[in-house]
Amino acid sequence: MSERPRTAFLAFFVALAGLPVVAAAPAIAADASRWDDGLQSSVRLIAARTKGEGAERIHRAGIEFKLAAGWKTYWRHPGDSGVPPSFDFSKSDNVKSAAVLFPAPARFPDGAGGSSIGYKRPLVLPVHIVPNDPAKPVLLRLKLDYAVCEKLCVPAEANVELKLTGTDKANDAVVGAAEALVPKASAVGDSGPFAIRAVHRASGPKSKILVDVAAPVGATPVLFAEGPTALWALPLPEPVAGAPAGLQRFAFVLDGLPPGESGKGATLRLTLVADDNAIEAGYRLD
């Protein structure tokens, strides 16, 4: 080897030796984790700026999904078929609590006569983290079990981690946009142009819940109903006739309750979606 190539080789080796070994670090960058690739999907964590000060400080992050064309993943209530995602943050550092927020979902035929609930579009689930010590960074570690489906469902798992300093701006707009898609808190009886106006029970051999909603002219609203825990599997509300003028009515049978549960005193969560509008309200089964 001549002197010039030898010198260049040594300079390259010295420079390479001085580089940080990024691939060996589980939490890759300040603003995003590595992608954990699964079959027809990938998942990573992204960081955003904190909100609040002192003891009220909330760290913000997002769970970002990439889905292959034609594939979908599921909402917290998957509908007639499918598997809801499961989030485990127990291995995190300086995390008191981590709340996953769900943007408004869509309804899809499942190919077996029923419907599933989930997402086909690019998806970010916002995460709001309360730290044990607001003055220290958060190391968010997530073990995620989920499913992706085209015609058949495939179980998937992701293990990702990310250090949250609270100052990262690169994905702040992405997380903020996902937060804006989360249904807004509402109440049964609100009088606005997009609202759950009334809920009541119809008499009959099976207890049926009727829900009257207001939606913008030309919109096709979709209603979802959930019980107080994941053990409830309520049917999907369907549009029916009989609504007062200017409103639309949905109905579902109070079925799919956990064994031994009568439903009395339980609070249902009703989510109404129409185009870019989404609200949710509670209804107590007295």
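Our note on the geometry: Cα centres of the stretch 97-158 and the stretch 213-286, 21 Å apart. Our coupling estimate for the stretch 83-97, obtained by passing each phi through the Karplus curve with A = 6.51, B = -1.76, C = 1.60 and θ = phi - 60°, is 10, x, x, 10, 10, 10, 9, 5, 8, 6, 10, 6, 10, 7, 7 Hz, Gly and Pro reported as x.
Considering only SER186, SER97, SER203, the Gaussian network model of the chain with Cα springs below 10 Å gives its largest mean-square fluctuation to SER203.
Structure remark: mean-square fluctuation, Gaussian network model of the chain, C-alpha springs under 10 Å; the largest value among ALA98, ALA147, ALA185 belongs to ALA185.
Against the chain, whose longest principal axis is taken from its Cα atoms, helix 3-18 shows a tilt of about 40°. Extension gain for ASP37-ALA135 works out to 32.0 nm (0.36 nm per residue, less the C-alpha to C-alpha distance).
For LYS163, a cut-off of 18 angstrom between C-alpha atoms picks up these lysines, skipping any fewer than 8 places away in its own chain: LYS51, LYS91, LYS96, LYS136, LYS143. Calculate the FRET efficiency for ALA30 and ALA99 from the Cβ-Cβ distance with a Förster distance of 25 Å, rounded to the nearest 0.05. So, using R0 = 25 Å, E works out to roughly 0.65.
Tell me the label only: which of (i) 1.25; (ii) 1.17; (iii) 1.68 is Cα Rg over 2.2 N^0.38 Å as calculated from this structure? Here Cα Rg over 2.2 N^0.38 Å agrees with entry (i).
Applied to the stretch 45-54, the Karplus parametrisation 6.51 cos²θ - 1.76 cosθ + 1.60 on θ = phi - 60° returns per-residue 3J(HN,Hα) values of 9, 10, 9, 9, 6, 6, 10, x, 10, x Hz, with x for Gly and Pro.
Modelled this way, with points 7 Å down the Cα-to-C-beta line, the labels at VAL154 and ALA241 are 4.6 nm from one another.
FYI, it's all coordinate maths here, none of it is from the lab. Being a predicted model, the structure only gives us computed values, none of them experimental. Neighbour counts run over all protein chains shown; Cβ positions are idealised from the backbone, glycine included.
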